[in-house]
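One structure is given below, encoded as structure tokens.
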Amino acid sequence: MEHKREKMVDALQDCPVIAALKSDAGLEKAVRSDCTTVFFLYGTILNIASHVERVKQTGKIVFVHADLIEGLTARDITADFIAQNTQADGIISTRPNIIRRAKALGLLTIQRFFLFDSLSFENVLRQSSNADAVDLLPGTMPRVLERLKPQIRQPIIASGLLADKQDVVAALSAGAQAVSTTKPELWEI
């Protein structure tokens, strides 16, 4: 498992922009991109395995956002489904129980947090899932990222509302290890 985590961290250092996919058109662009890591933010239990396989054929690291795949539930069995039925390297979820189960199954894990007030900020600090990385939304809050960075040990991924190169640079400069974006024009930065 530690080898997988090191491979993920190395990939994020080599290419800190993650292709976040929300459609088949994005999937085709991501396959052709230089991004080394891909997040699936769409799909169903009927097609996620083939979507993941398509991207894995290009040698990229793939994460499936368990909360956004149609047909999956908020239960631990979601992690089992992804581990047994896809070639995904890991999962993303807002749910600590799914993160813990995925870790037990040997998947890489990213816990997603939505930051909108001081309580949600404190939830990031108190996280109990021991995820391999944290994904913070919105990613356009460099001052908040700067305050969080010294307080958490996991790599930080900034996601959401990144509109241009300046947003990407600001998030990375503030301490994010990587950014994820659904904008293909930002995948080649």
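From the list Asp117, Asp164, Asp135, Asp80, the one residue that fits, being modelled with pLDDT under 95, among the charged types (D, E, K, R) and either buried (at least 23 other Cβ atoms within 10 Å of the Cβ) or over 19 Å from Glu6 (Cα atoms) (or both), is Asp117.
Within region 1-35, being under 10 Å from Trp187 (Cα atoms) and part of a helix (DSSP H, G or I) holds for Lys29, Ala30.
Within the bounds of region 40-52, is there any residue that is at pLDDT 95 or above and within 12 Å of the chain's Cα centre (by Cα)? Yes, region 40-52 contains a residue that is at pLDDT 95 or above and within 12 Å of the chain's Cα centre (by Cα). Applying a threshold of 6 Å to beta carbon distances and a minimum spacing of six or more residues, or different chains, the list of pairs starting in region 5-27 at a residue that is among the basic types (Lys, Arg) and ending at one that is surrounded by 16 or more Cβ atoms within 10 Å (Cβ to Cβ) reads Arg5/Asp132; Lys22/Leu41; Lys22/Tyr42; Lys22/Thr182. Evaluate the following for Ala19: is it of a type in the set (A, V, I, L, M, F, W, C) and more than 21 Å from Glu6 (Cα to Cα)? Taking the combined requirement at face value, the residue does not satisfy it. Pairs linking a residue in region 114-126 that is outside any helix (DSSP H, G or I) to a residue that is among the aliphatic types (A, V, I, L, M) and surrounded by 14 or more Cβ atoms within 10 Å (Cβ to Cβ), with Cβ atoms under 8 Å and 6 or more positions apart or on different chains, are Phe114/Leu137; Leu115/Val124; Leu115/Leu136; Leu115/Leu137; Leu115/Met141; Leu115/Val144. Which pairs do you get when a residue that is touching a residue at least 24 places away in the same chain (Cβ under 8 Å), found in region 58-77, comes within reach of a residue that is surrounded by fewer than 13 Cβ atoms within 10 Å (Cβ to Cβ), reach meaning Cβ atoms under 6 angstrom, with the pair 6+ apart or on two chains? That search, which allows pairs on different chains as well, returns Glu70/Thr44; Gly71/Thr44. Answer yes if at least one residue in region 142-155 is under 24 Å from Gly26 (Cα atoms) and touching a strand residue (DSSP E or B) at 6+ places or on another chain (Cβ under 7 Å), and no otherwise. The answer is no, given that none of the residues of region 142-155 is under 24 Å from Gly26 (Cα atoms) and touching a strand residue (DSSP E or B) at 6+ places or on another chain (Cβ under 7 Å). Restricting attention to region 51-104, the residues that are under 21 Å from Pro16 (Cα atoms) and either in a helix (DSSP H, G or I) or among the β-branched types (Val, Ile, Thr) (or both) add up to 9. Within region 29-41, the presence of at least one residue that is at negative phi, free of Cβ contacts under 8 Å to residues at least 40 places away in the same chain and exposed (fewer than 14 other Cβ atoms within 10 Å of the Cβ) is confirmed.
The values are calculated or read from the model by the stated rules, or taken from the named source; none is laboratory data. What you see is a predicted model, and the numbers here were worked out from it, not measured in a lab. With ideal geometry, Cβ positions are generated from the backbone for all residues, glycine too; neighbour counts draw on all protein chains shown.
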